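For reference, the structure discussed in these notes is given below.
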Amino acid sequence: MTLFDVVAAVKDPELRVLNLAELGILRDVAVDGDAVTVTITPTYSGCPAMDMIRADIESALHDAGVADVTVRTVLDPPWSTDMISDEGRSKLAAAGIAPPGRVLLQISMRCPRCGSPATEQLSRFGSTACKSLWRCTSCLEPFDAVKAI
Amino acid sequence: MRPVGYVAKYVLGLADDALITAQRLGEWCSRAPEMEEDIALANIALDQLGVARMLLSYAGELQGQGRTEDDLAYLRSEHEFRNVRLVELDNGDFAVTMAKLLFLSVYQRLLYDRSIGVGDERIAAVAAKARKESAYHVDHSSRWVVRLGDGTDESHSRMQAAVDHMWPYTHQLFAMDPDVRALDVAGVVIDPSTLRAAWLETIDAVLAEATLTRPASVDEPTGGRSVHTEALATLLADMQVLHRAHPGVHW
């Protein structure tokens, strides 16, 4: 297991079913002698999970025997939900969270539980900055959806 | 010579607009008209706070005096804040909050859109990220202004009153700060007066759909971004009290 894999396997604290690579926020893991520099990018400008993600990366690398860890944050290019991997999308759907559509292609939101396209948006803003709140009008279950951004 | 001090002032203006907006929106937390709105306003506040933090950190670096984002947010006095007066005003009723958010977020979206191309990669990177979030803020506030304006007699009259009350404060958004204008900062600083036509076009469309009338006010603001209303003093007292009482506190 490479150090990249170690960092990639760290879970996102808010979307627990995704790891950092699947979420698309891991930009680089650079090894220079004993020092490792990890480069990540935030999903939203104000994402409150960034501190925890940094701490989780450090502890994962410490567990892998790396003492000298630097976590760097870059903004450019800005994160987009298009950076969530296909595997990540499947995992979101399996966890009852509707994956985002492609940013430039607005399609109707499908219920992640019953698959019905008959859904309605309850709120543009959901339980975390990256989600909106929906309800399926077929099975009547509410669900979270990751906003395309 | 590149006038670094003036770029820092400009960046502080952008940062403080976002910071003070975040603080005001945060006041709605647990008090919004419905739970979804509570979450929406907190989320928008969080977006604004995130932008503010990145820009405050950058402004601190530009100033070169070792001041962190926290130093700038918690240890400056009123006259050192560089936000426009629109964002510091009291929340008022929900209509006032939505009028403020609409006026500000349409301006921010235009400003961030233009800032992507500026010759300062830090500003450009923050703008590239913020513009996408800004689009949600515009969308959210527009929907509410239309819903209230084109709603009941009561909601219509309160929304119109909110627009009338806030309108004079919008002029400052487009006034080039005299502190910044003085020097050659072309390529980094966006002259906000160049955003006004596009801003009006968007606002007019929302007001028309909301059956609201655009006020005829031509009051021009006096004083630059270091001049504030008394509302900022009470806001800062609330925002800074913990940090000032317990320097360096963490939780």
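The values are calculated or read from the model by the stated rules, or taken from the named source; none is laboratory data. In this text, all values refer to a predicted model and were calculated from it rather than measured experimentally. Because the Cβ atoms are built from the backbone with ideal geometry, glycine has one as well, and the counts that use them run over all protein chains shown.
Residues satisfying the criterion are present in region B:27-46 (criterion: among the basic types (Lys, Arg) and either within 25 Å of B:Phe174 (Cβ to Cβ) or out of contact with any helix residue (DSSP H, G or I) (no Cβ under 6 Å at 6 or more places or on another chain) (or both)).
Would region B:25-42 turn up any residue that is within 12 Å of the chain's Cα centre (by Cα) and part of a helix (DSSP H, G or I)? Break it down into steps so the answer makes sense when it comes.
In the first step, residues of region B:25-42 are kept if they are within 12 Å of the chain's Cα centre (by Cα); the result is B:25.
Okay, now just the ones that are also part of a helix (DSSP H, G or I), so B:25.
The answer is yes; a qualifying residue exists.
Screening A:Ile57 against (1) touching a helix residue (DSSP H, G or I) at 6+ places or on another chain (Cβ under 8 Å); (2) surrounded by 19 or more Cβ atoms within 10 Å (Cβ to Cβ); (3) more than 18 Å from A:Val10 (Cα to Cα); (4) not aromatic (Phe, Trp, Tyr) leaves a single unmet condition, (3). The residues of region A:118-133 that are part of a strand (DSSP E or B) and over 19 Å from the mean Cα position of the chain (by Cα), listed by number, are A:Thr119, A:Glu120, A:Gln121, A:Leu122, A:Ser123. Comparison of A:Gly101, A:Gly65, A:Gly96 shows that the only residue that is surrounded by 13 or more Cβ atoms within 10 Å (Cβ to Cβ), at pLDDT 90 or above and away from every other protein chain (no Cβ under 14 Å) is A:Gly96. Scanning region A:104-126 for residues that are surrounded by 12 or more Cβ atoms within 10 Å (Cβ to Cβ) and out of contact with any strand residue (DSSP E or B) (no Cβ under 6 Å at 6 or more places or on another chain) yields A:Arg110, A:Arg113, A:Cys114, A:Pro117, A:Ala118, A:Phe125. Picking from residues in region B:149-163 that are part of a helix (DSSP H, G or I) and out of contact with any Leu (no Cβ under 9 Å at 6 or more places or on another chain), the one that is nearest to the other protein chains (Cβ to nearest Cβ) is B:Glu154.
Looking at B:Gln63, is it within 14 Å of chain A (Cβ to nearest Cβ) and in contact (Cβ under 8 Å) with a residue 12 or more places away in the chain? Criteria not met by B:Gln63. Residues in region A:18-48 that are free of Cβ contacts under 8 Å to residues at least 60 places away in the same chain, assigned to a loop (DSSP other than H, G, I, E, B) and aliphatic (A, V, I, L, M): A:Ile25 alone.
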